[in-house]
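Peer 1: I have a structure here, written as structure tokens, and I will follow up with some questions on it.
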Amino acid sequence: MIKKEYVIISVLIIIILILFALIVNEVVIKKDSDNNLIYRETIANNTGDPGTVEVIRNIGNPDGKRIAYVVGIHPLEYQTHNTLVNLLPDVSNLKNSYDIYIINVTEDVGHYGDGSSDNSLGRQNGQNLAYKYVYPEILNGSYDLVIDIHSNVGAYSYQTFVFSPVKDGLANQYANQIALNSENISYNAPDSTTSGPYLTVPLNEMGIPAFYFEEYSFASQDIKDNHMLELIGNVDKLFS
Ligand SMILES: [Zn+2]
């Protein structure tokens with residue numbers, strides 16, 4: 001009989017924990033090598049929006065600088081976004097503290113058509129979600145740096161590069177430093193970007209350095225992994 005009661009109590013505890021996780025929209029995804037709990041949290045899931053926004057919080061060293069990565073603004077660039085989400089929580093010995101903002105566009109995601117262009121409406125949906133939810137969270141989150149992750153279909157003079165959309169200021173210095181320290185990441189600033197006004201430009205204007213990382217959309221996963229690890233490592237070295 002006692003054994004049966006243990007089973008019932010265990011099941012009840014599990015149900016209560018699941019309900020609690022659902023209520024606070026927060027799920028512990030793992031414990032890192034330094035015993036920090038890494039959380040995945042939904043911060044926006046509202047009818048009428050063309051998608052949702054999540055954050056993975058507390059990666060790395062909580063005593064270091066606070067750095068935010070943002071993925072998902074342009075939904076077709078998801079292979080590069082997933083590369084960061086898969087790799088960063090598993091990198092050990094980080095000197096700084098990282099959150100990953102994840103925009104999940106669910107409406108008009110689009111497709112690559114002939115394999116080269118992305119004119120999908122999903123781009124604007126992602127930009128709107130970024131401005132509505134990610135921008136205010138980062139603005140009020142005491143971050144020291146923001147990196148917005150994208151990929152491109154090869155229309156620029158470089159395939160893998162960083163740049164700041166605002167040419168004077170800290171973000172520009174940081175991006176140049178990353179390129180200087182990287183074998184495979186160049187500095188290349190396009191004249192304009194479609195997404196800048198929805199996140200990186202206003203952040204820079206409000207004093208929070210924010211730059212872009214661009215990967216080649218059709219690079220192999222191995223190459224995407226190598227480039228992303230190079231970015232992660234060199235971003236961490238900016239403040240060490
Ligand atoms: Zn993009």
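The values are calculated or read from the model by the stated rules, or taken from the named source; none is laboratory data. Because the structure is a prediction, the values reported are computed rather than measured. Heads up, the Cβs are rebuilt from the backbone with ideal geometry, glycines too, and the neighbour counts pull from every protein chain shown. Areas reflect the complete protein model, heavy atoms only, side chains present, ligands, DNA and RNA absent. Shrake-Rupley method; radii C 1.70, N 1.55, O 1.52, S 1.80 Å.
Peer 1: Could you tell me which residue of segment 35-83 is farthest from HIS150 (Cα to Cα), considering only residues that are surrounded by fewer than 17 Cβ atoms within 10 Å (Cβ to Cβ) and touching a helix residue (DSSP H, G or I) at 6+ places or on another chain (Cβ under 7 Å)?
Peer 2: Here the answer is ILE43.
Peer 1: Oh, and also: What is the one condition in (1) surrounded by fewer than 23 Cβ atoms within 10 Å (Cβ to Cβ); (2) over 14 Å from the mean Cα position of the chain (by Cα); (3) not in a helix (DSSP H, G or I) that VAL162 does not satisfy?
Peer 2: It fails just one condition, (1).
Peer 1: Give the residue, chosen from VAL201, VAL235, that is part of a helix (DSSP H, G or I), more than 28 Å from PRO50 (Cβ to Cβ), at pLDDT 95 or above and open to solvent by less than 40 Å² (accessible area, probe 1.4 Å).
Peer 2: Details: VAL201 fails: more than 28 Å from PRO50 (Cβ to Cβ).
Exactly one residue qualifies, and that residue is VAL235.
Peer 1: Tally up the residues in segment 89-145 that are small (Gly, Ala, Ser), within 17 Å of the chain's Cα centre (by Cα) and open to solvent by less than 50 Å² (accessible area, probe 1.4 Å), please.
Peer 2: Kept after step one, since they are small (Gly, Ala, Ser), are these residues of segment 89-145: 92, 97, 110, 113, 115-117, 120, 122, 126, 130, 141-142.
From what's left, within 17 Å of the chain's Cα centre (by Cα): 97, 126, 130, 141-142.
Filter once more, so that each one left must be open to solvent by less than 50 Å² (accessible area, probe 1.4 Å): 97, 126, 130, 141.
Count: 4.
Peer 1: In segment 146-158, which residues are buried (at least 16 other Cβ atoms within 10 Å of the Cβ), away from the ligand (no atom under 12 Å from the Cβ) and in a loop (DSSP other than H, G, I, E, B)?
Peer 2: TYR158
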